[in-house]
Amino acid sequence: MSHTINHLRKLRLQRSELAVPGSNPDMIEKAANSDADYIFLDIEDAVAPPDKERARANIIVALNQIDWRNRGKTISVRINGLDTHYMYRDVVDLMEQAGDRIDTLLVPKVGVPADLYMVEAMVNQIEIAKGYQTRVGLEALIETALGMANVEAIASFGGRLEALHFGVADYAASLKARTVNIGGLNPDYPGDQWHFGLSRMTVACRAYGLRAIDGPFGDFSDPEGYKAAARRAAALGIEGKWAIHPSQIALANEIFSPTDKEVDRARRIIDALKVAESQGKGAASLDGKMIDAASERMARNVLATYEAMTADQR
């Protein structure tokens, strides 16, 4: 193990992340009563330009009137991009009027670390000026060729950054990929065309102590396609996925939750290695397979997710 170790900066249960347009107050209320671990209220792509200011105002009202945390939700807001004239007012109004009710701000189309620096500087100043005792985290959407080219530098930004998300739709547009679908497989490609991007982002996250989250799957009439995409993401080490429709929440929660069998095996791995250690051995045999210290680290990853789930349910 390298002497440089970047531990997970912030553990949050993020199996399912429901995207909710700020322009629709009814959907916001329903989201608060959903089974999603994470909610992000959107002022960016899901809101048309004429509705941006109204959506921002709706979100501020919802942040202040709904007790998201008491309902077991982590609440995030996706602000507009730094290339727009909406972004500065998003940050100022949200932070000044509801900054102590927000868990994270989701920054879209991050291309270079300086994009996060700008948002962080604004958040820092407003938190100090308002005297907030809470601390708003930042999450970055990797959804452009520039962002993917710089993903390691973005992940190493530090500060308030907690997670990276893979924004497949804008990423496809940025690459000029031959598709008009949001996520899913292209039959002309031998495998998963998003594998490289997802894998590279996940490696960057794990290297620098960030959560790795997969983005949207646009065809909400195809639950099996969603689950297949989620399984591929989970196999890479990603810990959650967006839900752009309420029907996708349960699918994400299912795929990104360890099964009872997995939890039981994780516990037995740890117990077997304790016995082996007491006998002066560094490895052991369990169910006909060799296990060692690396097995224990994998097992503890399973148990960390399980414990976060059960803590959230208490």
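Of note:
- The single condition from (1) at pLDDT 95 or above; (2) in a helix (DSSP H, G or I); (3) over 26 Å from Lys10 (Cβ atoms); (4) open to solvent by less than 80 Å² (accessible area, probe 1.4 Å) that Ala276 fails is (1).
- Extreme residue, surrounded by the fewest Cβ atoms within 10 Å (Cβ to Cβ), among residues of region 95-114 that are part of a helix (DSSP H, G or I) and in contact with a Lys or Arg (Cβ under 7 Å, 6 or more places away or on another chain): Glu96
- Single match in Leu185, Leu164, Leu198 (criterion: assigned to a loop (DSSP other than H, G, I, E, B) and either in contact with a Leu (Cβ under 8 Å, 6 or more places away or on another chain) or open to solvent by 40 Å² or more (accessible area, probe 1.4 Å) (or both)): Leu185
- Single match in Asn58, Asn70 (criterion: modelled with pLDDT under 95 and either crowded, with 22+ Cβ neighbours inside 10 Å or in a helix (DSSP H, G or I) (or both)): Asn70
- Any chance Ile43 is touching a Gly at 6+ places or on another chain (Cβ under 8 Å), within 26 Å of Leu161 (Cα to Cα) and surrounded by fewer than 24 Cβ atoms within 10 Å (Cβ to Cβ): no
- Those residues of region 281-292 which are open to solvent by 50 Å² or more (accessible area, probe 1.4 Å) and hydrophobic (A, V, I, L, M, F, W, C), in sequence order: Met290
- Given (1) over 25 Å from Val107 (Cβ atoms); (2) buried (at least 21 other Cβ atoms within 10 Å of the Cβ), number of the condition Val263 does not satisfy: (2)
- Any chance Lys109 is among the basic types (Lys, Arg) and farther than 24 Å from Lys73 by Cβ: yes
- Condition met for Ser285 (polar (S, T, N, Q), touching a strand residue (DSSP E or B) at 6+ places or on another chain (Cβ under 8 Å) and free of Cβ contacts under 8 Å to residues at least 40 places away in the same chain): yes
- Scanning region 201-229 for residues that are part of a helix (DSSP H, G or I) and within 29 Å of Thr4 (Cα to Cα) returns Met201, Thr202, Val203, Ala204, Cys205, Arg206, Ala207.
- Output for region 131-161, where each listed residue is crowded, with 22+ Cβ neighbours inside 10 Å and not in a strand (DSSP E or B): Val136, Glu143, Gly147, Val151, Ile154, Ala155
- Failed item in (1) more than 17 Å from the chain's Cα centre (by Cα); (2) within 22 Å of Glu139 (Cα to Cα); (3) modelled with pLDDT of 95 or more, with Asp26 passing the rest: (2)
- Every listed requirement among (1) assigned to a helix (DSSP H, G or I); (2) under 14 Å from Thr305 (Cβ atoms) is met by Pro258 save one, (1).
- For Tyr117, the requirement of being hydroxyl-bearing (Ser, Thr, Tyr), modelled with pLDDT of 95 or more and assigned to a helix (DSSP H, G or I) is met.
- Residue in region 147-168 that is free of Cβ contacts under 8 Å to residues at least 12 places away in the same chain and among the aliphatic types (A, V, I, L, M) present: yes
- Selection within region 230-243 - in contact with a helix residue (DSSP H, G or I) (Cβ under 9 Å, 6 or more places away or on another chain) and assigned to a helix (DSSP H, G or I): Ala230, Arg231, Arg232, Ala233, Ala234, Leu236
- Of all residues in region 173-182, none satisfies the criterion of being touching a Ser or Thr at 6+ places or on another chain (Cβ under 6 Å) and surrounded by fewer than 15 Cβ atoms within 10 Å (Cβ to Cβ).
- Among the criteria (1) in contact with a Pro (Cβ under 8 Å, 6 or more places away or on another chain); (2) of a type in the set (Lys, Arg); (3) surrounded by fewer than 16 Cβ atoms within 10 Å (Cβ to Cβ), the one Arg78 does not fulfil is (3).
The values are calculated or read from the model by the stated rules, or taken from the named source; none is laboratory data. Only a predicted model underlies this, so the values are computations on that prediction, with no experimental measurement involved. As a convention, Cβ positions derive from the backbone with ideal geometry for all residues, glycine included, and neighbour counts pool all protein chains shown. Accessible surface is based on the protein model in full, side chains and every heavy atom, while ligands, DNA and RNA are left aside. Shrake-Rupley method; radii C 1.70, N 1.55, O 1.52, S 1.80 Å.
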